[in-house]
Structures are given as C-alpha cells and as structure tokens.
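Report on one structure; see the data block that follows.
The values are calculated or read from the model by the stated rules, or taken from the named source; none is laboratory data. Keep in mind it's a predicted model, so treat the numbers as computed, not measured. We place every Cβ from the backbone using ideal geometry, glycine too, and count neighbours over all the protein chains shown. The area values use the complete protein model at the heavy-atom level, side chains included, leaving out ligands, DNA and RNA. Shrake-Rupley method; radii C 1.70, N 1.55, O 1.52, S 1.80 Å.
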Amino acid sequence: MAEHDVIDLLMAQHGQIRDLFDEVEKAPPDKVDGAFARLTRMLSVHETAEEEIVHPYARRKLDNGQGVVGDRLREENHAKRLLLDLDRNGVDHPRFWERLAELRTVVTMHARGEERYEFARLRACTSAAERRAMAAAVRAAETLAPVRPHPGTESAVKNVLLGTPMAVMDRAREVIRKALGKR
Ligand SMILES: [Fe+2]
Ligand SMILES: [Fe+2]
C-alpha cells in the first residue's frame with residue numbers, strides 16, 4: 001500500500017476490510033479460521049490506528065469534534081465487543097455466522113460514518129504534510145496485519161506471534177506511539 005495521505009490510506013483499509021469479510025464468507029470450511037484471523041488482525045490494527053492517530057486530531061480540529069469523535073468511538077467499541085466475542089468463541093461456534101454478519105453491519109456503518117462525518121472534514125482542515133506524517137504512523141502499524149495469507153503459517157501467526165485481538169491492539173498502539181515519537 002503506497003498511500004501517503006492518511007485519509008486515502010484509511011479509506012483503502014476500509015476496502016480491504018470489506019474484502020476480508022468477503023473472504024471469510026466465501027472460504028471453504030478448512031480456510032475459515034485463517035481468513036477470520038486475517039480479518040481480526042486488520043480490524044484490530046485499523047481501529048487502533050484511528051483511535052491513536054486520527055480521532056484525537058479530529059477531536060481537536062473539527063467543529064463539534066468532541067461529538068463527531070464520541071459517536072465514532074461508541075461504534076468502534078460496539079464493533080470491538082463483537083470481535084472479541086467472535087474470537088473467543090471461535091469459528092465453530094453455532095452462532096458464528098450470525099454474529100459475523102452482525103459485526104459486518106456494525107463495521108460497515110461505522111466506516112461510512114467516519115468517511116462522511118469525520119474524514120471529509122478532516123481533509124479540509126489539515127495540511128498535506130500533517131496527513132503524510134499521520135499516514136507514516138498508520139503504515140508502521142499496518143505491517144502487523146498482512147492481508148495475504150502465508151501458506152502454512154496461519155495458525156502460528158495467530159497463536160504465537162500476535163495472539164488475541166487485545167494483544168494485537170496493544171502491539172499496534174506501541175508501534176504507532178513510537179512512530180509518532182511519543183515514546
Ligand atoms: Fe474506526
Ligand atoms: Fe475506519
């Protein structure tokens with residue numbers, strides 16, 4: 001991914017998240033777990049990047065930033081609860097597909113809310129240099145969420161290297177703060 005503007009980059013990730021939902025839904029039974037692990041990593045990294053980088057900025061810069069970001073954070077927390085629940089119960093749970101569909105709806109509405117009420121206005125009130133600096137921090141975290149499968153390493157990546165969504169979010173937060181020069 002070569003986007004140098006944080007808004008373009010986050011919108012491209014929205015597209016990747018949509019594609020990863022498609023991949024889980026279309027996967028043959030033995031590939032559902034791996035596809036869901038990739039979706040989980042991408043969502044964990046993407047939402048953490050927004051929470052650490054663009055939401056704080058939007059809160060300060062936009063008119064009614066507090067309200068706009070508050071609504072987005074509520075949506076993100078809802079999505080995060082559903083994701084953690086799905087991850088804990090695993091892909092063989094009898095209600096996995098029903099809950100995945102619910103997660104997809106919540107995530108899609110959330111992305112639409114960000115693009116419509118936050119990103120468009122943020123683009124108008126930031127400089128290209130600011131958006132480039134924010135993009136660099138998002139890209140640093142993006143390396144934690146490979147979009148393409150690595151044959152044979154799926155379960156190792158899921159269980160050993162990164163672990164639970166909470167561990168991925170913690171690791172992403174560390175990487176982002178370092179990239180932003182906060183630590
Ligand atoms: Fe978000
Ligand atoms: Fe987003």
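Taking only C-alpha pairs under 8 Å that are 6+ residues apart, what is the relative contact order of the chain in percent?
About 38 percent, as a whole number.
Treating region 46-128 as a set of equal point scatterers at the Cα positions, no solvent, please give the Debye-formula log₁₀ I(q)/I(0) at q = 0.13, 0.26, 0.27 Å⁻¹.
-0.46, -1.22, -1.29
I want the local charge near GLU114. Using Cβ-Cβ distances under 11 Å, sum +1 for each Lys or Arg and -1 for each Asp or Glu among the other residues.
Combined, the nearby Lys, Arg, Asp and Glu give -3.
Taking K and R as +1 and D and E as -1, what net charge do the other residues with C-beta under 12 Å from the C-beta of GLU142 add up to?
+1
Calculate how large, on average over all directions, the projected area of the Cα convex hull of the chain is; give the answer in nm² to one decimal.
So the mean shadow area of the Cα hull is 10.0 nm².
If you take every residue apart from ASN89 with its C-beta less than 10 Å away from the C-beta of ASN89, what net charge results, scoring Lys and Arg +1 and Asp and Glu -1?
Neighbour charge sum, excluding ASN89 itself: 0.
Please report, as a whole percent, how much of the solvent-accessible surface of the chain comes from carbon and sulfur atoms (probe radius 1.4 Å).
Roughly 53 percent of what the probe reaches on the chain is carbon or sulfur.
Using a 1.4 Å probe and ignoring any ligands, DNA or RNA, find the accessible area of ARG72 and quote it in Å² to the nearest 10.
Only protein atoms counted, so the area is about 10 Å².
List, in order, the whole-Hz ³J(HN,Hα) value for each residue of region 49-66 obtained from phi through the Karplus relation with A = 6.51, B = -1.76, C = 1.60 and θ = phi - 60°; use x for Gly and Pro.
The phi angles translate into 4, 5, 5, 8, 10, 8, 5, x, 5, 5, 4, 7, 8, 7, 4, 6, x, 4 Hz.
Compute the helix-to-body angle for 165-179: its Cα long axis versus the longest principal axis of the chain, expressed 0 to 90° and rounded to tens.
Long axis of 165-179 versus the principal axis of the chain: about 30 degrees.
For region 13-63, just run the numbers: alpha carbon Rg, then divide by 2.2 N^0.38 Å, N being how many residues it has.
Here the Cα radius of gyration is 1.48 times the empirical estimate.
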